[in-house]
Amino acid sequence: MAAMLRDCILGQAVADALGVPYEFRARGTFACTDMVGFGSHHQPAGMWSDDTSMALCICDSFRELGRIDTEDIRHRFVRWYREGAYTVDGLFDIGGACARALDQGYGCAGEWDNGNGSLMRTVPLAFTDATDDEVRAVSAITHAHPTSTELCVALVRIARKLVRGTAPCDAVSDAAALAARPQAEIRSGGFVRDTYEAALWCLLTTSTYKDCVLAAVNLGDDTDTTAAVAGALAGIVYGADAIPVRWLAALRGRDVIEACLF
């Protein structure tokens with residue numbers, strides 16, 4: 001049975017929430033084993049971050065319009081940024097490039113503007129009919145440099161293969177080489193390519209949703225975003241039924257999520 005958008009988004013939101021308490025903490029200084037609260041952002045257990053909020057903006061736009069409309073998506077991003085739309089209790093985290101882009105009205109295109117702020121929201125586009133150019137355009141709302149836009153295209157292509165039931169080892173090019181890399185060589189900071197590779201590494205080196213997302217969080221540093229991307233992919237591969245029941249029960253804002261699905 002093909003994966004549904006709900007599998008992807010719940011997979012992302014739960015993983016995002018697992019990572020929120022540990023963001024900015026160095027690898028090896030903590031061990032995430034379950035859903036907890038507070039920590040880095042002083043949020044209650046089960047609270048997801050900007051990663052999931054921005055993905056929901058994209059989903060809600062497509063749900064309402066039935067097409068990719070970057071201006072509509074940008075407007076929803078602005079509502080999230082300035083009004084707290086698509087959140088549970090308001091915005092508590094936003095990346096620098098996203099904030100600058102939404103303030104200035106166009107995407108950041110410099111070499112140093114390749115954070116993971118567009119990659120983190122891009123997997124749900126696999127469930128739309130977005131072309132590669134449309135995926136690039138959605139990235140470019142905030143992250144317009146080719147490094148960011150092309151990695152978003154690559155991630156959507158992988159996700160679409162996973163949706164069709166392709167095994168991760170066959171969906172990812174050079175999967176064996178990536179999976180063979182030791183954890184010490186996997187970077188988990190904010191650079192978009194590092195997040196892309198770290199999320200895929202977690203998917204390729206584990207065999208359950210739980211193990212995948214815990215591996216992502218425990219890489220440290222940008223814990224919520226690495227986990228959000230890995231969790232979205234793992235949600236597709238394993239389905240929402242594979243997410244531990246206690247984690248789903250702890251997930252906040254389930255009604256906000258469900259209202260955006262198509």
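So the values come out like this:
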{"quantity": "Tabulated pairs, the range 71-87, first assigned to a helix (DSSP H, G or I), second hydroxyl-bearing (Ser, Thr, Tyr), C-beta under 6 angstrom, 6+ apart or interchain", "calculated": "ASP72/SER61; ILE73/SER61; ARG76/SER61; TRP80/SER53; TRP80/TYR86"}
{"quantity": "Of residues in the range 25-42 being touching a helix residue (DSSP H, G or I) at 6+ places or on another chain (Cβ under 6 Å) and modelled with pLDDT of 95 or more, the one farthest from ALA259 (Cα to Cα)", "calculated": "PHE30"}
{"quantity": "Failed condition for LEU162, given (1) surrounded by 16 or more Cβ atoms within 10 Å (Cβ to Cβ); (2) at pLDDT 95 or above; (3) closer than 30 Å to GLY39 by Cβ", "calculated": "(3)"}
{"quantity": "Flag if ASP222 is buried (at least 24 other Cβ atoms within 10 Å of the Cβ) and over 13 Å from VAL123 (Cβ atoms)", "calculated": "yes"}
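Per-residue answers, yes or no, for (1) free of Cβ contacts under 8 Å to residues at least 24 places away in the same chain; (2) touching a Gly at 6+ places or on another chain (Cβ under 7 Å); (3) crowded, with 16+ Cβ neighbours inside 10 Å:
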site: GLU111; (1), (2), (3): no, no, no
site: VAL123; (1), (2), (3): no, no, yes
site: THR128; (1), (2), (3): no, no, yes
site: VAL135; (1), (2), (3): yes, no, yes
site: LEU155; (1), (2), (3): no, no, yes
site: TRP201; (1), (2), (3): yes, no, yes
site: ALA215; (1), (2), (3): yes, no, yes
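Quick grid of which residues meet (1) buried (at least 20 other Cβ atoms within 10 Å of the Cβ); (2) of a type in the set (Lys, Arg); (3) under 17 Å from GLU258 (Cβ atoms):
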{"position": "SER53", "(1), (2), (3)": "yes, no, yes"}
{"position": "CYS59", "(1), (2), (3)": "yes, no, yes"}
{"position": "ARG67", "(1), (2), (3)": "no, yes, no"}
{"position": "THR70", "(1), (2), (3)": "no, no, no"}
{"position": "ILE73", "(1), (2), (3)": "yes, no, no"}
{"position": "PHE77", "(1), (2), (3)": "yes, no, no"}
{"position": "GLU83", "(1), (2), (3)": "no, no, no"}
{"position": "GLY90", "(1), (2), (3)": "no, no, no"}
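The values are calculated or read from the model by the stated rules, or taken from the named source; none is laboratory data. What you see is a predicted model; the values in this text were computed from it and never measured. With ideal geometry, Cβ positions are generated from the backbone for all residues, glycine too; neighbour counts draw on all protein chains shown.
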